[in-house]
Amino acid sequence: MGMKKRQWRRRWISAVLVVAFCGLLFRLYWIQQIAVHSFSEEEADLIAGAEEQQRGVFVVDSGRGGIMDRNETYLVGDKDWRLIIFPLSENQWAAYRGKLEKVADTIGYSYKAFREAVKDLHRPQVFPDRKGNMETLTEKQAEAIRALKIPGVYASRSDNRYHRDRLASQLIGRVERNPFLVRKQYPNDWDRGENPNYSWVGVTGLEGAFESFLRGKGEHLLTYKTDGRGRPLNGLHMMTEESGGPIPYQIVTTLDRKIQKVAEQALDKKGVKEGAIVVQDISSGDILAMVSRPDTVSVRHGENPWDNRALMETVPGSIFKTVVAVAALDMGKVKPGEVFHCDGHLGRYGMKDSNPKGHGRQNFAQAYANSCNVVFAQVAERIGGEKIAEYAHMMGLGQQILWSGRVLKNPSFHQLPREQSGLIFSENTSKKDLGAVAQTGIGQRDVKMTPLQAVNMVTTLFQKGKTLNPRVVKEIQRPDGEVFFRFPHHALKTKKKIDSETLQEVRHMMRLAVTQGTAQSLKGSSVQMGAKTGTAQLGPDKTTYNKWMVGYGPYQRPEVSVAVLVRSVSDSSDMRAHEIFRQVMEGIQELKKKSRDK
């Protein structure tokens, strides 16, 4: 009896194993023959993925349209001769030493310096010059290098669109090889097989917003085999892939390349890990520079380098007192000379001033210059929550403000995606709650603002009651440079305009903040400025801070507004926003001086 049970058990186990093995065979067949050729937006094409793991691609020329600054100097998309270098093994250095010495000599390097610069490469890239700029070659140099025929060393006409340290990286945005997006955005081309799944598509910034205009089909790719870790197997299966197609459009931004560089250098020299700068032309409202950190070079683990901090909302602190000052003066709730007394706290709300001893006797203009919380909480009570929200909206807060409107058949085209709206009062906060109103009046509680909104708030002080919709792009051009579409200037539609005398008075108050108040760090500058400081407490424990500086200059003939934000610092007395603001203003004026002296 026991023997029969054991035999039955063996047969049962064998049957289970056979069924399981057949199921495994069917699963493998399904994966290899069926599933890999039928994918949705949620399922990757497994064959393409397997091939991709063993295939690297260096984009010599993206085939996409150029993106230029306001002077039509390329930010990305300029096609020049460039030296493209792959990682080189010791054997290759030995085998091609004579030829590599000629390459070094051709580009003005010693052999030792050239080898030192190349040794740390882990993937192919455009070879930079000694200052870290992307080296360009003359046609004669390119011909000389090409004639050497060294595996892994190429001289090609390249737009070098994807190098990591380009200017305005978040504003320009990124592209990715995404067959799902290609198929979704270009279904007719996809059905005709005109868009292979390795095509690049814009997903953020201007690359994403203007994808349909920038997209071209004339890519030039350098493909190569990689090992299991994704490292190039130099010299193995190197192929050039080129495709023809229509020449794309190009766009002219409002950015000034030189001002953008000044702003980026100012932020980086101060070691800002997270922050933003926006520079705006006062007369037109156009954005001249937009900087965000971290970027692809400085990003830390867990951060997204493509998030544009200039468009992201955060707590503004005392720079919001500018809105309260405008509302109070425009409504006649206060006069600039009205006298207040600050003893350092407002007992009924438990509110304290940054100066624990208080500012004593001061008029309203001085209270703004001193950034007095006690006075502005009281003034906010006089104005009321409804009116604070109304004036904030009139000055471009609590809403998206970048240019949007009809472009051809699109009735609601946005020049940049992912702009956050900011906030004045949350839905759960009563505008009649005087405690909430008092906290709102000093830029805390629910208030959120983007650096773009902050700089535009300052520019509004010069616009005779209007609030402009800033542009980051002036026009779209045909391939031959003719204008295809020009973006007209827009202003917010508001029920009333702010009185010009009110705006002038607040501009004077910002100057007072520099000469007598919290922005006195700017007094010794070669540029006279008006400014407002801001320190915003963050989080439930209030142990980290946003540090702001907004303002304009030069004071006598204002040309630009600037907003600087250093986010999430642990020291409430951190002065880097002041220092960066000053460096940007002085840098812009130095550029203007050099331009005049030419």
**Prompt:** Looking at (1) open to solvent by 60 Å² or more (accessible area, probe 1.4 Å); (2) of a type in the set (Lys, Arg); (3) at pLDDT 95 or above, can you tell me which one Lys594 breaks?
**Reply:** (3)
**Message:** Which residue is surrounded by the most Cβ atoms within 10 Å (Cβ to Cβ), if the candidates are limited to the range 281-311 and must be touching a Lys or Arg at 6+ places or on another chain (Cβ under 9 Å) and in a helix (DSSP H, G or I)?
**Reply:** Leu311
**Message:** Looking at the range 401-437 only, could you name the residues that are acidic (Asp, Glu) and surrounded by 15 or more Cβ atoms within 10 Å (Cβ to Cβ)?
**Reply:** Glu419
**Residues within the range 225-256 that are at pLDDT 75 or above, open to solvent by 10 Å² or more (accessible area, probe 1.4 Å) and not aliphatic (A, V, I, L, M), tallied** = 4
**Asked** List pairs: first in the range 549-577 and closer than 15 Å to Lys532 by Cα, second acidic (Asp, Glu) and open to solvent by 60 Å² or more (accessible area, probe 1.4 Å), Cβ under 8 Å, 6+ apart or cross-chain?
**Response** Gly553/Glu559
**Prompt:** Exactly one of (1) outside any helix (DSSP H, G or I); (2) free of Cβ contacts under 8 Å to residues at least 40 places away in the same chain is unmet by Ser354. Its number?
**Reply:** (2)
**Request:** For the range 90-105, indicate whether the set of residues that are in a loop (DSSP other than H, G, I, E, B) and at pLDDT below 90 is non-empty.
**Result:** no
**Message:** Given the criteria at pLDDT 90 or above and either in contact with a strand residue (DSSP E or B) (Cβ under 6 Å, 6 or more places away or on another chain) or assigned to a loop (DSSP other than H, G, I, E, B) (or both), does Glu72 qualify?
**Reply:** yes
**Request:** Please work out if Gly398 is open to solvent by 10 Å² or more (accessible area, probe 1.4 Å) and either in the same structural domain as Phe462 (by the TED database) or without any contact (Cβ under 8 Å) to a residue 60 or more places away in the chain (or both).
**Result:** yes
**Asked** Here are some residues: Lys217, Lys261. Which one is modelled with pLDDT of 65 or more, over 30 Å from Val560 (Cβ atoms), open to solvent by 30 Å² or more (accessible area, probe 1.4 Å) and of a type outside the set (Val, Ile, Thr)?
**Response** Lys217
**Message:** Criterion first (open to solvent by less than 50 Å² (accessible area, probe 1.4 Å), closer than 19 Å to Thr535 by Cα and either not polar (S, T, N, Q) or not assigned by the TED database to the domain that holds Ile498 (or both)) does Lys321 satisfy it?
**Reply:** yes
**Message:** Report every pair of residues separated by at least 6 positions or lying on different chains whose Cβ atoms are under 6 Å apart, first residue within the range 516-535 and surrounded by 21 or more Cβ atoms within 10 Å (Cβ to Cβ), second among the acidic types (Asp, Glu).
**Reply:** none
**Prompt:** From the set of residues in the range 443-474 that are touching a residue at least 60 places away in the same chain (Cβ under 8 Å) and open to solvent by 10 Å² or more (accessible area, probe 1.4 Å), which is farthest from Cys372 (Cα to Cα)?
**Reply:** Lys474
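The values are calculated or read from the model by the stated rules, or taken from the named source; none is laboratory data. Small disclaimer: the values here were computed from a predicted structure and weren't measured. Positions of Cβ are generated from backbone atoms using ideal geometry, with glycine treated the same way; all protein chains shown enter the neighbour counts. Quick note on the areas: whole protein, heavy atoms, side chains included, nothing else; ligands and nucleic acids left out. Shrake-Rupley method; radii C 1.70, N 1.55, O 1.52, S 1.80 Å.
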